[in-house]
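Input: a single structure, listed below in structure tokens.
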Amino acid sequence: QKIFKAGDTNQDGQLDFEEFMQYLKDHEKKMKLAFKSLDKNNDGKIEASEVVQSLKILGISISEKQAEKILQSIDADGTMTVDWNEWRDHFMFNPATDIEEIIRYWKHSTVLDIGDSLTVPDEFTEEEKKTGQWWKQLLAGGVAGAVSRTGTAPLDRLKVMMQVHGSKSNKMNIASGFKQMLKEGGVRSLWRGNGVNVVKIAPETAIKFWAYEQYKKILTKDDGKLGTVERFVSGSLAGATAQTSIYPMEVLKTRLAVGKTGQYSGMFDCAKKILKREGVKAFYKGYVPNILGIIPYAGIDLAVYELLKSTWLEHYASSSANPGVFVLLGCGTVSSTCGQLASYPLALIRTRMQAQASVEGAPQLNMVGLFQRIIAVEGIRGLYRGIAPNFMKVLPAVSISYVVYEKMKQNLGIA
């Protein structure tokens with residue numbers, strides 16, 4: 001489709017022989033530039049060390065052995081080097097136009113919205129920024145996140161209920177939790193708090209993207225390139241900036257989720273009542289554990305993703321360096337889940353602090369006090385209450401967000 005679009009210069013919906021030949025000539029020029037950018041010593045051949053060096057400049061670290069695997073997929077004559085003819089034959093019908101696009105097979109996509117979007121934002125190339133593709137991708141990701149969160153909202157509300165009300169004395173499990181929610185408010189109550197959860201996607205994504213670009217500018221090295229550490233720091237700071245900006249909406253989501261039927265008529269009524277009874281400070285309850293949770297989440301998410309990527313390249317990249325969509329989805333899902341697992345106790349403490357004032361008879365504790373109380377009363381297991389429905393929603397959330405994202409990309413013309 002991309003080849004057809006690029007080649008159809010007269011926009012008549014057909015690709016004639018002249019247009020196809022012109023496309024091949026233009027594409028060959030771009031491939032020549034990409035080849036030259038990889039051929040660092042200008043000897044007309046690409047070696048494994050040059051692949052390692054080029055990917056390092058783009059912020060991706062791979063071993064020489066992994067680079068050899070990539071070369072093997074292109075090397076037709078078994079010399080363990082790639083000359084211009086082999087390069088051209090391999091990429092002639094690949095619509096990628098430069099070396100960055102070629103290695104973006106492995107871009108860590110954050111369209112995998114699992115309800116707690118604290119991952120490092122996606123990066124966009126200069127071309128994507130100029131053509132406006134970046135906002136279309138953000139829009140597609142936002143809509144995918146909204147549909148995904150709505151589809152898994154009952155499990156998300158159950159998780160919050162178990163985090164707040166689950167204890168040794170109140171053994172709320174998945175079945176009893178659903179039964180309790182249905183009995184108290186009917187089927188509609190399963191989506192309580194989802195409105196705020198969906199509304200906050202747009203401002204959070206926009207602020208995170210803007211902040212990420214600013215932090216990248218500050219942390220970029222002298223050679224104009226961004227390393228893995230700088231990318232992680234930029235992403236974590238961008239996540240913290242976005243979370244700080246939309247945090248009152250997080251508090252509203254929790255209060256609505258644990259609220260009883262008729263307690264609040266909507267998010268504005270909830271905000272008004274919190275402000276009247278508890279003041280402005282209430283909108284930042286649980287802020288500290290929330291910000292602290294970003295670092296293990298983003299760090300482990302990135303580290304696990306890089307490990308899985310390296311393992312796949314080392315063991316399975318025999319015929320192509322392109323992993324395919326299911327491998328990427330699998331890597332992204334596992335890495336995000338590991339990130340969540342590491343930061344879950346902080347997420348639980350955050351939710352408890354957000355909900356404390358609305359739970360009758362609950363003492364108003366700070367982060368350390370609440371942590372000590374959970375350990376003393378419920379043990380280590382108490383820090384993981386609600387993790388079962390949290391894990392149950394990962395697979396449907398990823399599947400829904402991916403399918404919707406792809407459909408949105410097609411509709412916006414960026415497929």
**Q.** Rounded percent of accessible protein surface that carbon and sulfur make up, region 175-220, 1.4 Å probe
**A.** 67 percent
Q) Per residue, how much accessible area does region 349-415 have with a 1.4 Å probe, in Å²? A) 51 Å²
**Q.** Rounded to the nearest 10 Å², the accessible area of Trp135 at probe 1.4 Å
**A.** 120 Å²
Q: Of the listed pairs Lys129/Lys208; Lys183/Lys272; Lys309/Lys409; Lys136/Lys407, which have alpha-carbon separations greater than 19 Å here?
A: Lys183/Lys272; Lys309/Lys409
Q) Expressed as a whole number of Å, what is the distance separating the alpha-carbon centroids of region 243-260 and region 338-415? A) 12 Å
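Can you pull the percent of region 278-384's accessible area that's carbon plus sulfur, 1.4 Å probe, other chains left in place? Don't jump to the answer; show the numbers that get you there.
Numbers: 3380 of 4980 Å².
The computed percentage sits at 68.
Please report the net charge: other residues with Cβ closer than 12 Å to the Cβ of Thr261, K and R +1, D and E -1.
Working: positive: Lys183, Arg188, Arg192, Lys260; negative: Glu184.
Surrounding charge for Thr261 is +3.
How would Ser49, Ser189 rank on accessible area, largest to smallest, probe 1.4 Å? Present the calculation step by step, with values, prior to reporting the outcome.
Values: Ser49 55, Ser189 5 Å².
Descending accessible area places them as Ser49, Ser189.
The values are calculated or read from the model by the stated rules, or taken from the named source; none is laboratory data. Quantities reported herein were computed from a predicted structural model and do not represent experimental measurements. Here the Cβ is made from the backbone with ideal geometry for all residues, glycine too, and neighbour counts use every protein chain on show. Side chains included, ligands, DNA and RNA excluded: accessible areas come from the protein's heavy atoms. Shrake-Rupley method; radii C 1.70, N 1.55, O 1.52, S 1.80 Å.
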